[in-house]
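Engineer: I have a structure here, written as structure tokens, and I will follow up with some questions on it.
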Amino acid sequence: IDSENLNYFIIKNVDIGLSMGTAALEFAKCSIPVIALDTSYLGMRNYKYEWLHNKPRYNLGVMVHGWLYSGNNKLNLSEVIGQYCADPIGLSEKSYKHVKLNHDIKRVFPKLINLSKNAKMHLDKVIR
């Protein structure tokens, strides 16, 4: 499915996106509220959810049992649905703004270039 038809399908058929990585960005750029899912190779009970716009920095999902994972400010499924029902437009706006501020190529590319110019690591040290 091409990008234009994908966006149309998402806008017409999706109320809340539950995803990680670039799929989360696809939902958010269409102003769909996004629950950013984390990953785990282990069984989980009582998993807690988090809105993409509440994720720190450029986080699009982490290992649940990894060092970056934080259980703070996470919601159970009932809380997610309650927040969506209370303010779907506000959550849509937050998702869209989050992706524009943190993941838009026009903002990310200059930051990446600047960081690479100031990097002290050299490729020959990484390869060893």
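Engineer: Before I look further, what does the chain give for accessible area per residue, probe 1.4 Å, in whole square angstrom?
Structural biologist: That works out to 72 Å² for each residue.
Engineer: Between LEU6 and LEU112, what length in nm is gained on full extension when 0.36 nm per residue of separation is reduced by their alpha carbon distance?
Structural biologist: Full-extension gain reported as 35.3 nm.
Engineer: Could I have the simple spin-label model distance between MET121 and LYS97, label points 7 Å from Cα toward Cβ, reported in nm to one decimal?
Structural biologist: Label-label distance for MET121 and LYS97, simple model: 3.3 nm.
Engineer: Please give the helix 105-118 orientation as an angle from the longest Cα principal axis of the chain, in degrees from 0 to 90, rounded to the nearest 10.
Structural biologist: 30 degrees
Engineer: Write down the Å³ per residue value for the convex hull defined by the alpha carbon atoms of segment 1-62.
Structural biologist: 104 Å³
Engineer: Over all directions, how big on average is the projection of the convex hull of the alpha-carbon atoms in the chain, in square nanometres?
Structural biologist: 10.8 nm²
Engineer: Keeping the other protein chains in place, figure out the carbon and sulfur percent of the accessible area of the chain, with a 1.4 Å probe.
Structural biologist: Of all accessible area on the chain, carbon and sulfur atoms account for 57 percent.
Engineer: Moving on. Compute the acute angle (0 to 90°) between the alpha-carbon long axis of helix 88-102 and the principal axis of greatest extent of the alpha-carbon atoms of the chain; round to the nearest 10°.
Structural biologist: Relative to the chain, helix 88-102 is tipped by roughly 10 degrees.
Engineer: Among GLY90, GLY43, GLY61, determine the one that fluctuates most according to a GNM of the chain built with springs between C-alpha atoms less than 10 Å apart.
Structural biologist: Result for the chain, Cα springs under 10 Å: GLY43 fluctuates most.
The values are calculated or read from the model by the stated rules, or taken from the named source; none is laboratory data. Just so it is clear, the model here is predicted, and its values are computed rather than measured. Here Cβ is always computed from backbone atoms with ideal geometry, including for glycine, and neighbour counts include all displayed protein chains. Just so you know, the surface numbers come from the protein's heavy atoms only, side chains and all, with ligands and any DNA or RNA stripped out. Shrake-Rupley method; radii C 1.70, N 1.55, O 1.52, S 1.80 Å.
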